[in-house]
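**Student:** I'd like to ask you about the structure that follows.
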Amino acid sequence: MSIKVVLPTAFTRHTDGRKQFDSAAANLPALLSEFDRTFPALSTQIKDENGKLRKFINIYINDEDIRFLGGDAYAFQDGDEVMLIPSIAGGRSYICFTIGMSGTGNARAVFP
Amino acid sequence: MPSGRFEFHAEWLRDEPCDATTTGQNLGTGVNSLLAGRKAAGNMRFGARSAGHSLHPSFFFLRRSRRPQESLTVWQQESKLSPLGENLMDYSCSNYELACGECGKRYGNRPLSACPDCLAPLEIVYDLLNAKGVFTRDSIARGPASIWRYARLLPVPEGFQPDLPVGFTPLIHASRLGASIGASNLYVKNDAVCFPTLSFKDRVVAVALANAQKFGFDTVGCSSTGNLANSVAAQAARLGLKACILVPADLEPAKILNTLVYGARLIRIDGNYDHVNRLSIQIADEYNWGFVNVNLRPYYAEGSKTVGYEIAEQLGWRLPDNVVVPMAGGSLIRKIRKAFNELIFLGLVKKPARPVRFFGAQATGCSPISVAVKTGTDIVPQRPNTIARSLAIGNPADGPAAAKMILAEGGWAEDVSDIEIVSGIQELAETEGIFTETAGGVTTAVAARLCAEGRIAPGETTVICITGNGLKTTDALAGRYDHIDSRAIRPRLADFDACLRSLDGTPEPELIAAGER
C-alpha cells in the first residue's frame with residue numbers, strides 16, 4: 001500500500017526541496033509519526049507544543065477534507081493523494097502600537 | 001536588550017477579550033541579505049523590524065510559472081530577487097505592516113498570508129499612535145465620498161492614486177421594515193449599490209488590487225462564490241491587470257456573466273466553494289499571481305473595515321447597539337468590529353457603555369459558524385446546500401475567530417431556511433425598495449428572527465448589512481410571481497379594470513339590470 005504525500009512549497013525547506021513523496025503510512029497519525037523520523041524539522045513546524053497538528057493546516061485526501069472522511073480514523077487507501085494545505089484566514093484582529101519614536105512610551109490600551 | 005536588536009518593541013492590543021495580550025517579538029537579529037537594503041531605505045519602525053528576518057522566498061508565493069518539481073536553486077534564480085538578494089515584491093510603509101496574530105512576528109509588506117514559522121494567519125497592524133490627530137472627523141470629511149476617505153487606516157501603498165469611487169454606500173433609516181419586524185430604530189447599510197459591481201466585495205478588492213499593483217503582479221485572481229469574481233474582474237479591467245477567476249460550477253448564471261463581460265478568464269470548478277478555495281491556494285503556491293483572497297488576503301480583508309467606518313460616520317459619529325452581518329468566511333463581521341475599535345481608540349466615537357453586539361447571519365443549509373455559536377462548540381465543516389450561494393462556505397476560514405468574537409461580545413448567530421431567505425428578499429424589497437440578493441435575504445430574515453426572539457430590543461439602534469444586489473440572483477425568485485408569464489390584456493380600459501380585480505383577488509361585479517336596485 002502506498003500513498004502520495006503532497007506538501008505546499010512553504011514546507012519544502014524542511015524536506016530537502018521535495019514537494020511530493022510516497023509513504024506507506026496507514027493513516028494520518030501514522031503519517032505524522034513518520035514525519036518525526038524522516039523530516040523532524042517539518043514535524044516541528046506542523047505540530048503544536050502538544051504534538052497535535054496545528055489548527056492552521058487542513059488535510060485533504062484526494063479532493064476531500066479528511067474531516068468528512070473520519071479524520072484520524074480514516075484508513076488510507078492505496079493510491080490516495082494526501083495533501084497538506086495551509087488554512088488561509090484572517091488573523092486575530094489586534095490593534096498595534098508601534099513604539100519606535102521618542103516620547104511615545106509603552107502606550108497600551110484594552111478594548112473595548 | 002541583546003546587542004544587535006533594534007531598541008523598540010510593540011505592544012499589542014487585544015480586541016478580543018478572550019485573547020491573551022501578546023508582545024511582538026523582535027526579529028532584528030542577524031540582519032541578512034534578503035532585506036538588508038530595505039533597512040536603510042525604509043522607515044525604522046516597520047522596515048527595520050522586518051529587515052532581519054530570514055525567510056525562504058517560497059513563503060511568499062512568488063513562483064513565476066508552474067514548475068512542480070523544480071529545485072530550490074533554480075527557483076531562487078528565477079524568482080524576483082535583486083542581484084543583492086533583495087525581494088522585489090515587498091515594500092516598507094511607516095503606517096502598517098503584516099504581523100502574526102499568534103507569535104507576534106512581523107513581516108513588512110509582501111504577498112504573504114500565513115506566518116512562515118507558526119503557520120498562523122497574518123493580519124495588518126497599524127501605527128495608531130501616529131494616526132492620532134491625523135485621522136480625524138474633519139480630515140475624513142474633507143476626503144472623497146468613497147472608501148478612500150479612510151485611506152489612512154487602510155493598507156494602501158504610499159503614492160497609490162485611487163480613481164474609483166468605491167463604497168460610501170447609503171445608510172438608510174428603515175422605518176417600514178422596522179415596523180414590520182419590530183425594530184423602531186433600524187438602519188440598512190446598503191451595499192447592494194456599491195460601486196462598481198454592486199456588492200461589498202468592491203471594497204476589499206479595491207484595497208487588494210492597490211497592493212497587487214505595488215507588488216508588481218500582472219495577473220490577479222480569486223476563488224469566489226460570485227460577488228468577488230465580479231469585482232475582481234471589473235477592477236482588474238479598470239487597472240489593466242489580467243484576471244483568472246475560479247468559481248463553483250453551479251454558480252448563478254448572472255454572476256458568471258457579470259464576470260465574463262469584463263474579459264476575465266473564468267474557470268468553473270466541479271465542486272463547491274471549499275474545493276475551489278483549496279485549489280486556489282495550490283495555484284497561488286505555483287503561479288506568480290496575486291490571489292486577492294489567498295496571498296493578498298491580509299490586505300484584502302482590511303477593506304471590509306470601511307463598512308464599519310461608514311456606519312459610524314453616517315450615524316453621526318456614534319456606534320450602533322447592534323449590527324447584523326451575513327457570514328460566509330466570517331471575515332466581514334470581525335473587520336467591522338476592528339473598525340469600531342479603531343474609531344474608539346482614536347476618539348472619533350465615544351466608547352459605548354455596553355459593547356456593540358454583533359449578530360451573525362447564515363443560511364441553515366450552510367451554517368457552520370451559526371451552529372458553533374449556538375452550541376458553543378468548534379466549527380464543524382459542512383457540505384453546503386442552500387440557495388444563498390454567496391454565503392455557501394462550508395469550511396469558513398475565519399469561522400472560529402468570528403464565533404469566538406460574537407459570543408465574547410454578547411452577540412448571537414442565527415440561520416434561516418431557503419424559504420425564509422426568499423421571504424427576507426421580498427420583505428426588504430416591499431418595505432424599503434431595496435432589492436438584495438440571497439445573502440441579503442438571509443440577513444433580513446435573521447434580523448426578523450432576532451427581533452422576534454427578543455435578542456434585539458425594539459428601541460435599540462440596529463444596523464443590518466445588505467451586502468449584494470438582487471439582480472444577480474433573480475433565479476432565487478423563480479416561481480414566486482405567477483403573473484410574470486400571465487396572459488397579456490387588450491389595450492382597453494375594461495380589460496385593465498378586470499385585470500386589476502383579478503390581481504387583487506376581487507370577483508367580477510355582477511351585472512345588474514337597470515332599475516333592479
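The values are calculated or read from the model by the stated rules, or taken from the named source; none is laboratory data. Please read all numbers here as calculations on a predicted model, not as lab measurements. Cβ coordinates were reconstructed from backbone atoms using ideal geometry, including for glycine residues, and neighbour counts include every protein chain displayed.
**Student:** Is there a residue in region B:450-464 that is surrounded by fewer than 24 Cβ atoms within 10 Å (Cβ to Cβ), assigned to a helix (DSSP H, G or I), touching a helix residue (DSSP H, G or I) at 6+ places or on another chain (Cβ under 9 Å) and modelled with pLDDT under 95?
**Tutor:** No, the conditions are met nowhere in region B:450-464.
**Student:** Take region B:271-291 and flag every residue that is within 11 Å of chain A (Cβ to nearest Cβ) and at pLDDT 95 or above.
**Tutor:** B:Phe291
**Student:** Restricting attention to region B:339-365, and to residues there that are more than 19 Å from B:Ala174 (Cβ to Cβ) and touching a Gly at 6+ places or on another chain (Cβ under 7 Å), which single residue is farthest from the other protein chains (Cβ to nearest Cβ)?
**Tutor:** B:Ala339
**Student:** Which residue is farthest from B:Ala208 (Cα to Cα), if the candidates are limited to region B:164-177 and must be touching a residue at least 12 places away in the same chain (Cβ under 8 Å) and surrounded by fewer than 23 Cβ atoms within 10 Å (Cβ to Cβ)?
**Tutor:** By that ranking, first place goes to B:Arg176.
For (1) within 14 Å of another protein chain (Cβ to nearest Cβ); (2) among the polar types (S, T, N, Q); (3) under 30 Å from B:Arg334 (Cβ atoms), each residue gets a yes or a no:
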| site | (1), (2), (3) |
| --- | --- |
| A:Ser2 | no, yes, no |
| A:Arg18 | yes, no, no |
| A:Ala24 | no, no, no |
| A:Asn27 | no, yes, no |
| A:Ala41 | yes, no, no |
| A:Phe76 | no, no, no |
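**Student:** Another one. Among (1) in a loop (DSSP other than H, G, I, E, B); (2) within 30 Å of A:Ile57 (Cα to Cα); (3) among the β-branched types (Val, Ile, Thr), there is one condition B:Thr169 misses while meeting the rest; what is its number?
**Tutor:** Exception for B:Thr169: condition (2).
**Student:** Select from region A:68-85 the residues that are out of contact with any strand residue (DSSP E or B) (no Cβ under 8 Å at 6 or more places or on another chain) and part of a helix (DSSP H, G or I) and list them in ascending order.
**Tutor:** A:Phe68, A:Gly71
**Student:** Could you pull out every one of the strands (runs of 3 or more DSSP E) wholly within region B:177-259 that has 2 or more residues that are closer than 23 Å to B:Leu112 by Cα and of a type in the set (A, V, I, L, M)?
**Tutor:** Counting at least 2 such residues, we get B:242-248.
**Student:** (1) in contact with a helix residue (DSSP H, G or I) (Cβ under 8 Å, 6 or more places away or on another chain); (2) modelled with pLDDT of 90 or more; (3) farther than 30 Å from B:Gly394 by Cβ: which one isn't true of A:Thr38, the others all being true?
**Tutor:** If we test A:Thr38 against (1) in contact with a helix residue (DSSP H, G or I) (Cβ under 8 Å, 6 or more places away or on another chain); (2) modelled with pLDDT of 90 or more; (3) farther than 30 Å from B:Gly394 by Cβ, just (1) comes out false.
**Student:** Among residues belonging to region B:411-432 that are buried (at least 24 other Cβ atoms within 10 Å of the Cβ) and of a type in the set (A, V, I, L, M, F, W, C), point out the one that is nearest to B:Arg449 (Cα to Cα).
**Tutor:** B:Val416
**Student:** Sticking with this one: Filter region B:318-336 for residues that are in contact with a helix residue (DSSP H, G or I) (Cβ under 6 Å, 6 or more places away or on another chain) and in a loop (DSSP other than H, G, I, E, B) and give the result.
**Tutor:** B:Leu319, B:Met327, B:Ala328, B:Gly330
**Student:** A further question follows. Quick one: B:Ser180 ticks every box in (1) out of contact with any helix residue (DSSP H, G or I) (no Cβ under 7 Å at 6 or more places or on another chain); (2) crowded, with 18+ Cβ neighbours inside 10 Å; (3) farther than 23 Å from B:Phe345 by Cα bar one, so which box is it?
**Tutor:** Here B:Ser180 meets the rest and fails (1).
**Student:** Now for a separate question. Scan region B:352-388 for residues that are part of a helix (DSSP H, G or I), touching a residue at least 24 places away in the same chain (Cβ under 8 Å) and not basic (Lys, Arg) and report the count. Talk me through it step by step, then tell me what you get.
**Tutor:** Narrowing region B:352-388 to residues part of a helix (DSSP H, G or I): B:368-375.
Among the residues that remain, those that are also touching a residue at least 24 places away in the same chain (Cβ under 8 Å) are: B:368-374.
Narrowing further to those that are not basic (Lys, Arg): B:368-373.
Residues meeting the conditions: 6.
**Student:** Follow-up. Taking only region B:398-410 into account, find how many residues are surrounded by fewer than 24 Cβ atoms within 10 Å (Cβ to Cβ) and either more than 9 Å from chain A (Cβ to nearest Cβ) or in a loop (DSSP other than H, G, I, E, B) (or both). Full working, then the answer.
**Tutor:** We begin by selecting, within region B:398-410, every residue surrounded by fewer than 24 Cβ atoms within 10 Å (Cβ to Cβ); these are B:400, B:404, B:407-410.
The next check asks that each one be either more than 9 Å from chain A (Cβ to nearest Cβ) or in a loop (DSSP other than H, G, I, E, B) (or both); those that pass are B:404, B:407-410.
Here the count works out to 5.
**Student:** Are any of the residues in region B:189-204 surrounded by fewer than 23 Cβ atoms within 10 Å (Cβ to Cβ), more than 14 Å from chain A (Cβ to nearest Cβ) and acidic (Asp, Glu)?
**Tutor:** Within region B:189-204, not a single residue is surrounded by fewer than 23 Cβ atoms within 10 Å (Cβ to Cβ), more than 14 Å from chain A (Cβ to nearest Cβ) and acidic (Asp, Glu).
**Student:** In addition: Look through B:Ile267, B:Ile311 and report the one residue that is free of Cβ contacts under 8 Å to residues at least 24 places away in the same chain and more than 12 Å from every other protein chain (Cβ to nearest Cβ).
**Tutor:** The match here is B:Ile267.
**Student:** Find all pairs meeting these conditions: Cβ atoms under 6 angstrom apart; at least six residues apart or on different chains; first residue within region B:446-464 and closer than 12 Å to B:Ala413 by Cα; second residue assigned to a loop (DSSP other than H, G, I, E, B).
**Tutor:** Cβ pairs passing all conditions: B:Leu450/B:Ile456.
**Student:** Oh, and also: Where residues in region A:50-67 are more than 10 Å from chain B (Cβ to nearest Cβ) and part of a loop (DSSP other than H, G, I, E, B), which of them is surrounded by the fewest Cβ atoms within 10 Å (Cβ to Cβ)?
**Tutor:** Across region A:50-67, the extreme among qualifying residues is A:Asn50.
**Student:** Only residues that are surrounded by fewer than 17 Cβ atoms within 10 Å (Cβ to Cβ), outside any helix (DSSP H, G or I) and under 14 Å from the mean Cα position of the chain (by Cα): list them for region A:7-49, please.
**Tutor:** If the condition is that a residue be surrounded by fewer than 17 Cβ atoms within 10 Å (Cβ to Cβ), outside any helix (DSSP H, G or I) and under 14 Å from the mean Cα position of the chain (by Cα), then A:Lys47, A:Asp48, A:Glu49 are the ones that fit.
**Student:** Please list, ordered by first then second residue, the pairs with beta carbon atoms under 9 Å, 6 or more apart or interchain, first in region B:120-131 and more than 7 Å from every other protein chain (Cβ to nearest Cβ), second surrounded by 22 or more Cβ atoms within 10 Å (Cβ to Cβ) and of a type in the set (S, T, N, Q).
**Tutor:** From residues that are more than 7 Å from every other protein chain (Cβ to nearest Cβ), the pairs are B:Ile124/B:Asn109; B:Asn130/A:Thr98; B:Asn130/B:Asn95; B:Ala131/B:Asn95.
**Student:** Next question, about the same structure. Could you list, in sequence order, all residues of region B:132-160 that are assigned to a loop (DSSP other than H, G, I, E, B), touching a residue at least 40 places away in the same chain (Cβ under 8 Å) and basic (Lys, Arg)?
**Tutor:** B:Lys132
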